[in-house]
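Okay, so here's the structure we're looking at.
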Amino acid sequence: MGNLLPGSFHPQIVHFAIALVFTGVAFRLLSLTRVVKFAGPAATPLILLGTLACVAAAQTGTAAHAPIERIPGVRPAVMEHEEWGLRTRNIFVGISLIELVAMLMAWRQSPRANIAAMVAAVAGLGGLAAMYETAEHGGELVYSYAGGIGIRSGDAEDVSRLFLAGTYQQALQDREAGRNDQAMALVDLAASRFPSNLELQLMAAEWTTDVKKDPAAALQRLDALQIPTEDTRSRVRASLARANALLAQGNKDGAKAVVQTLQGEFPNNAQVKRRLDELSAPQP
């Protein structure tokens with residue numbers, strides 16, 4: 001296939017390959033029971049199509065791997081997935097040849113046609129095992145190493161989203177581990193890079209109170225935000241963050257007043273009601 005298919009098509013083609021070969025081998029196994037008459041004739045074209053998809057998947061995977069393996073520490077995982085992908089492709093090429101022989105023998109009504117079908121079924125099971133192993137390494141590459149995430153499309157916005165997701169997850173881990181300075185530094189970095197991301201700016205304000213312990217700075221961050229009137233969720237979140245910052249300053253009455261105003265605007269909001277109940281409860 002040369003370079004007709006770019007690496008960006010790899011995820012789509014892989015799913016077709018998996019579906020076709022699993023269905024084809026399942027029909028081949030079913031054909032051995034002789035219960036479903038069309039199982040045998042259906043198995044061969046499905047496996048042949050699945051093999052073509054495997055060839056395309058291997059080609060697109062090879063085309064996609066270069067930028068991914070340049071990520072520090074990812075190359076061994078890329079190579080392992082690629083090796084299993086090529087191995088799976090080769091196995092199904094062999095299975096396809098067996099299927100063609102079995103089809104020809106069945107067409108000629110050879111007494112050994114059933115034997116060829118059984119060989120194809122056993123080989124198909126081996127192929128499925130290889131396909132599973134390939135998929136497992138592919139999943140590990142994507143979900144454990146972020147291989148291809150953010151760079152597959154070549155869109156800069158995808159890279160930005162990858163950066164934001166990684167920064168957020170690392171900040172959460174740092175906070176849970178008690179590394180509050182590192183966690184806050186990551187959130188501040190992300191907030192500075194994406195000033196128009198309202199959810200991120202609200203999170204940064206909340207963390208400035210809860211993690212950095214600087215409610216005055218949190219109030220400054222909240223004052224700088226422009227929240228659309230129709231964005232109810234963000235307005236509620238910003239007001240609750242303001243109330244928490246005021247409370248952290250020791251201004252419980254101010255915090256309560258903010259939440260009371262918020263409840264007047266959103267009387268059915270359970271989160272606002274719960275927070276007002278907490279602020280109205282007597283001190284222990």
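Every number here is computed from the coordinates shown, using simple stated rules; none is lab data. Source: prediction; values computed, not measured. Heads up, the Cβs are rebuilt from the backbone with ideal geometry, glycines too, and the neighbour counts pull from every protein chain shown.
Positive contributions from Lys and Arg (+1) and negative ones from Asp and Glu (-1), summed over other residues with Cβ under 15 Å from the Cβ of Glu133, come out at -3. Once Rg and the Kirkwood radius are both taken over the C-alpha atoms of segment 136-281, their ratio Rg/Rh works out to 1.06. Using only alpha carbons, segment 37-90 has a radius of gyration to Kirkwood radius ratio (Rg to Rh) of 1.20. The phi torsions of segment 207-218, fed into the Karplus equation with coefficients 6.51, -1.76 and 1.60 and a -60° offset, translate into couplings of 5, 4, 7, 7, 9, 7, 6, 10, x, 5, 5, 5 Hz, rounded to whole numbers, with Gly and Pro shown as x.
As a rough guide to protection, the peptides 15-23, 64-72 ranked by mean Cβ packing within 10 Å, highest first, stand as 15-23, 64-72.
Charge dipole (Cα centre; +1 on Lys/Arg Cβ, -1 on Asp/Glu Cβ; no other charges) of the chain amounts to roughly 800 debye.
Compare the peptides 204-216, 46-58, 25-37 by average per-residue count of other Cβ atoms within 10 angstrom and give them in order, highest first.
46-58, 204-216, 25-37
Taking other residues whose beta carbon is less than 12 angstrom from the beta carbon of Thr51, and scoring Lys, Arg as +1 and Asp, Glu as -1, yields 0.
Give me the base-10 log of I(q)/I(0) for segment 177-255 at each q in 0.19 Å⁻¹, Debye formula, one uniform scatterer per Cα, rounded to two decimals. Computed log10 I(q)/I(0) values: -0.78. The Cα atoms of segment 46-132 cover 57, 18, 13 Å along the three principal axes, with the biggest extent listed first. Does segment 163-212 come out rounded, prolate or oblate by the C-alpha gyration tensor, with a ≥ b ≥ c the root eigenvalues, rounded set by a/c under 1.5 and, if not, prolate when a/b is larger than b/c and oblate if not? Oblate, since a/c reaches 1.5 and b/c is not below a/b.
Listed highest first by mean packing, meaning other Cβ atoms within 10 Å per residue, what order do 255-265, 238-248 come in?
238-248, 255-265
Across segment 225-234, computed HN-Hα scalar couplings (Karplus, 6.51 cos²θ - 1.76 cosθ + 1.60, θ = phi - 60°) run 7, 10, 9, x, 4, 7, 8, 4, 4, 5 Hz from first to last residue, x flagging Gly and Pro.
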